[in-house]
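Here is the structure we will look at.
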Amino acid sequence: MSIRSGIEPEVDGRAAAKLADQISAVRQFNRFYTARLGLLRRRHLDGEFSLTEARILYEIGATPKMTASSLCRILELDAGYISRLLTLLTKGKLVRQAISEADGREKLLSLTAIGAKALVRLNEQSTAQIQGMLANLNAAERETIIAALTGVRSILAGDGRPPVRIVRLTKVHDEALRILQEYYEAVHVVQRDKPARVQRILNAHGSGMWLAYLGDEAAGCVMLRRLESIPRAAECKRLYVRPAARGNRIADKLLDEQEAFARDEGIEWIYLDTYDDLRTAIALYERRGYERCARYNNNPQATLFMRKHIG
């Protein structure tokens, strides 16, 4: 027997023992955080909904007119189970289901006024819970926790997934128009850009459009349009990530590319408009340094205006 073959069982044994310890550590942490966050309780946040029901309301609220199939992909749950929960939420007048005009097999989901109010309560309760957990920690400890959570998510989400690739367009094409159309439908945009206008934006100095790709599939988009009315300023428009692609930091990567381009073009301020119902988008903008400002355009749908200094 060679020396190499003689030590292999010992090496294999140590590796197996190490793996067993790692599995035990993950399971121990799972038991800790599920109890600490109250995930084992019958009702999420001691409210009226289960954790899965609350998550469904959150996803629909974040993406109006989401389809049931997209919801299944995001939550990684069985279609039959999702269907039963949607039926209950619809009967409770929290969720509205409408047949898609583009595909009669799909149902478009949105929150009713009752559902939107319930989601506001859930978000407030969740924020209070996490705030309570972080209250007794110092700034360094909080940063350590966030960095660790971000690292875990990045490692697990990246396993087997294609990398995110950002491309700046020079010519409008069908794929760009399709994802823009999806964005218009998702947030009920009234003033929509026709292909010729999109091409003018691509050609204009200090303006552009970017597509994000997961592998070969377009997953998101954002546009930048130079503002003639404000010196050294541009407007962020049409930021959108397809539901199935969320969780890959695509919105951040699109905005990173946009801001880098804007700096190179001598732009000092980026403005944007949105409306109050898009709470997830507003939270993203605030996290990236956007601050609320006065109205700067005549968009009839916009209720909230923000800007960020990048110069």
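Suppose every K and R has +1 on its Cβ and every D and E has -1 on its Cβ; what is the size of the dipole of the range 79-177 about the Cα centre, in Debye to the nearest 20?
Numbers: 14 positive and 9 negative charges, 63 e Å.
Dipole about the Cα centre, nearest 20: 300 debye.
Could you check how many percent of all C-alpha pairs in the range 156-311 are farther apart than 18 Å?
Details: 6921 of 12090 pairs.
Looking at the range 156-311, the distances longer than 18 Å represent 57 percent of pairs.
Size of the dipole of the chain about the Cα centre, Lys and Arg at +1 and Asp and Glu at -1 on the beta carbon, nothing else charged, in debye to 20?
Dipole of the chain, to the nearest 20 debye: 580 debye.
Taking the Cβ of LEU304 as the center, what net charge do the other residues with Cβ under 9 Å away carry, scoring Lys and Arg +1 and Asp and Glu -1? Mind dumping the intermediate values first?
Values: positive: ARG292; negative: ASP273, ASP276.
Here the charged neighbours net out to -1.
Along the charge dipole of the range 118-210, which of ALA176, ILE201, VAL120 sits closest to the positive end, that is, farthest toward it, with unit charges on the beta carbon of Lys, Arg, Asp and Glu (+1, +1, -1, -1)?
The residue sitting farthest along the positive end of the dipole is ILE201.
At 0.36 nm per residue, minus the direct Cα-Cα distance, what do LYS18 and ARG288 gain on full extension? Give it in nm, one decimal, please. Mind showing how you got there, number by number?
Values: separation 270, 0.36 × 270 = 97.20 nm, distance 4.02 nm.
In short, 93.2 nm is gained.
Could you give me D for the range 137-188, from Stokes-Einstein at 37 °C and 0.692 mPa s, where the hydrodynamic radius is the Kirkwood radius over C-alpha pairs? Units µm² s⁻¹, please. Kindly include the intermediate steps, with their values, before the conclusion.
Numbers: Rh = 14.9 Å.
Translational D for this selection: 221 µm²/s.
If you average 1/r across every pair of different Cα atoms in the range 23-149 and take the reciprocal, what Kirkwood value do you get, in Å? Write down the numbers at each step before the final one.
Working: mean 1/r = 0.0608 Å⁻¹.
So the Kirkwood estimate lands at 16.5 Å.
Net charge near ILE166, counting Lys/Arg +1 and Asp/Glu -1 over other residues with Cβ under 9 Å of its Cβ? Let's see the in-between values first.
Working: positive: ARG165, ARG168, LYS253; negative: ASP256, GLU257.
Its environment carries a net charge of +1.
For the range 196-291, what is the accessible area per residue in Å², given a 1.4 Å probe and the full set of protein chains?
Details: 4100 Å² over 96 residues.
Solvent-accessible surface per residue comes out at 43 Å².
Could you give the length gained on full extension between ASN297 and VAL167, defined as 0.36 nm per residue of separation minus the Cα-Cα distance, in nm?
On the way: separation 130, 0.36 × 130 = 46.80 nm, distance 2.82 nm.
Taking 0.36 nm per residue and subtracting the Cα distance, the gain is 44.0 nm.
With every protein chain left in place, what is the accessible area per residue of the range 29-89 in square angstrom, probe 1.4 Å?
With the other protein chains kept in place, the range 29-89 gives 57 Å² per residue.
Considering only the other residues whose Cβ falls under 15 Å of the Cβ of LYS93, what net charge follows from Lys and Arg at +1 and Asp and Glu at -1? It would help to have the intermediate numbers written out before the result.
Working: positive: LYS91, ARG96, LYS117; negative: GLU48, GLU53.
Here the charged neighbours net out to +1.
What per residue convex hull volume, in Å³, do the alpha-carbon atoms of the range 75-124 yield? Mind showing how you got there, number by number?
On the way: hull volume 4.9 nm³, N = 50.
Measuring per residue, one finds 97 Å³ for the Cα hull of the range 75-124.
If you build the convex hull over the alpha carbons only and average its shadow over all orientations, what do you get for the chain? Give it in nm² to one decimal. Show your work: numbers first, answer last.
Numbers: hull surface 90.3 nm².
Taking the Cα atoms of the chain, their convex hull projects to 22.6 nm² on average.
For a quick check, take a GNM of the chain with Cα springs below 10 Å and name the residue from ASN297, ASN30, ASN248 with the largest mean-square fluctuation.
Between ASN297, ASN30, ASN248, it is ASN30 that shows the largest mean-square fluctuation.
Let me cross-check CYS236: its accessible surface, 1.4 Å probe, with only protein heavy atoms counted, in Å² to the nearest 10?
Ignoring ligands and nucleic acids, CYS236 comes out at about 10 Å².
Which percent of the accessible area of the range 195-236 is formed by carbon and sulfur heavy atoms (probe 1.4 angstrom)? Show your work: numbers first, answer last.
Values: 840 of 1730 Å².
Reported share for carbon and sulfur atoms: 49 percent.
The values are calculated or read from the model by the stated rules, or taken from the named source; none is laboratory data. This is a predicted model, so every value here is computed, not measured. Positions of Cβ are generated from backbone atoms using ideal geometry, with glycine treated the same way; all protein chains shown enter the neighbour counts. All accessible areas refer to the heavy atoms of the entire protein, side chains included, with ligands and DNA or RNA removed. Shrake-Rupley method; radii C 1.70, N 1.55, O 1.52, S 1.80 Å.
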